[in-house]
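As structure tokens, the structure follows; a few thoughts come after it.
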Amino acid sequence: ILAQNEPPVQKVLVVGTFDAPPFSLKTNQGKWTGISIELWENIANEMGLKYEYEEREFKGLLDGVADGSLDAVVTALTLTTEREKIFDFTHSYYNTGLGIAVEAKKGSLWKAVFKRFLSTEFLRIIGALISGLLIVGTIIWLVERKNNNVHFGGEIKKGIADGIWWSVVTMTTVGYGDKVPQSVVGRLIATIWIFCGVILVSVFIATITSALTVTQLEYAIDGPEDLPKVTVGTIQHTTSEIYLKTNRISYIGFDTASKGLKAIEAGTINALVFDAPLLQYFANKDYKGKIDVLPRIFASQEYCIAL
């Protein structure tokens, strides 16, 4: 009778996790912490649940929650259609996506900017600008030289030089007024050149701004479309591996993100594809100045607790 009146013994839930900072990580004292861990502990305290953590490799976590040896998995775990067929998920608590880690750019910023100024695209713009000044300057001299001898007269060299000077100050909208076309045709040319000058100056300024912008200093990889051209690494049994397989991109598999980032540092691979927040954490903490994570995030992910 006494045994029947005793409350049932509450089950101690086995919660699987692994090292995936900043969502789940173990301190030097052996205590688990992180975004996902703190969320789980708040839920467990509110529901009065007893639990213990069990660390496994990532594939072991998936297998454990599928075969029932784990009651829950709490870490940076992404909801996928394939996984939902095997076990259940809570509602998502964090939205992110995949990222690409690459070797940090080396060398001087100004050296890279100087290289940009010597690019074919920039030299073409400069060439077009100079050609426009020479052509318009010569045309205005031809039109004005007879009836406007004061401003565009004299020897051929001086007349053309005056015409080019006028085209420069007119294009830049400075307009000193020391050289002024007086004929109807000359003023019509001046009007057209003023509007053309506004466009040319805008293009020139935009080109310089682009050259001086750090984000325009190109990496060998700009996004996922460049992955087939380089040697790629990823973490095995993760959604990043599924993404590469789906898009038929060959890759080298690693057990952990740390091993993948060390492979970039060693030159074994050119890029590591994995969850963006985890890559950003490791790059900022352990690989500052050595590894960069590209700003583009792709292949949307939702982190959930597996049950």
Residue that is nearest to residue 244 (Cα to Cα) [pool: residues in the range 97-109 that are open to solvent by 70 Å² or more (accessible area, probe 1.4 Å) and at pLDDT 65 or above]:
103
Being more than 24 Å from residue 237 (Cα to Cα) and assigned to a strand (DSSP E or B) is the filter here; which residues of the range 12-61 pass it?
12, 13, 50, 51, 52
Of the residues in the range 265-307, those that are assigned to a strand (DSSP E or B), touching a Ser or Thr at 6+ places or on another chain (Cβ under 9 Å) and open to solvent by less than 80 Å² (accessible area, probe 1.4 Å) come to 271, 272, 273, 274, 275, 299, 301, 302, 303, 306
The range 59-75: number of residues that are surrounded by fewer than 21 Cβ atoms within 10 Å (Cβ to Cβ) and farther than 13 Å from residue 13 by Cβ:
5
Matching residues, the range 224-253, being under 17 Å from residue 76 (Cα atoms) and without any contact (Cβ under 8 Å) to a residue 40 or more places away in the chain:
241
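Looking at the range 46-65 only, could you name the residues that are touching a strand residue (DSSP E or B) at 6+ places or on another chain (Cβ under 9 Å) and among the aliphatic types (A, V, I, L, M)? So that I can check it myself, show each step before the final result.
To start, the set of residues in the range 46-65 that are touching a strand residue (DSSP E or B) at 6+ places or on another chain (Cβ under 9 Å) comprises 49-56, 58, 60-62, 64-65.
Matches in the range 46-65: 49, 61, 62, 65.
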Test each condition in (1) modelled with pLDDT of 95 or more; (2) within 24 Å of residue 235 (Cα to Cα); (3) part of a helix (DSSP H, G or I) for residue 82 and report the one that comes out false.
(1)
Give the residue that is farthest from the chain's Cα centre (by Cα), with candidates limited to residues of the range 136-181 that are closer than 22 Å to residue 198 by Cα and among the polar types (S, T, N, Q).
138
Exactly one of (1) under 19 Å from the mean Cα position of the chain (by Cα); (2) part of a loop (DSSP other than H, G, I, E, B) is unmet by residue 248. Its number?
(1)
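Okay, residues lined up against (1) under 17 Å from residue 241 (Cβ atoms); (2) small (Gly, Ala, Ser):
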{"site": "261", "(1), (2)": "yes, no"}
{"site": "284", "(1), (2)": "no, no"}
{"site": "287", "(1), (2)": "no, no"}
{"site": "306", "(1), (2)": "no, yes"}
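The values are calculated or read from the model by the stated rules, or taken from the named source; none is laboratory data. Quick caveat: nothing in here was measured; it's all calculated off a predicted structure. Because the Cβ atoms are built from the backbone with ideal geometry, glycine has one as well, and the counts that use them run over all protein chains shown. In case anyone asks, the SASA skips ligands and DNA or RNA and just uses the protein heavy atoms, side chains included. Shrake-Rupley method; radii C 1.70, N 1.55, O 1.52, S 1.80 Å.
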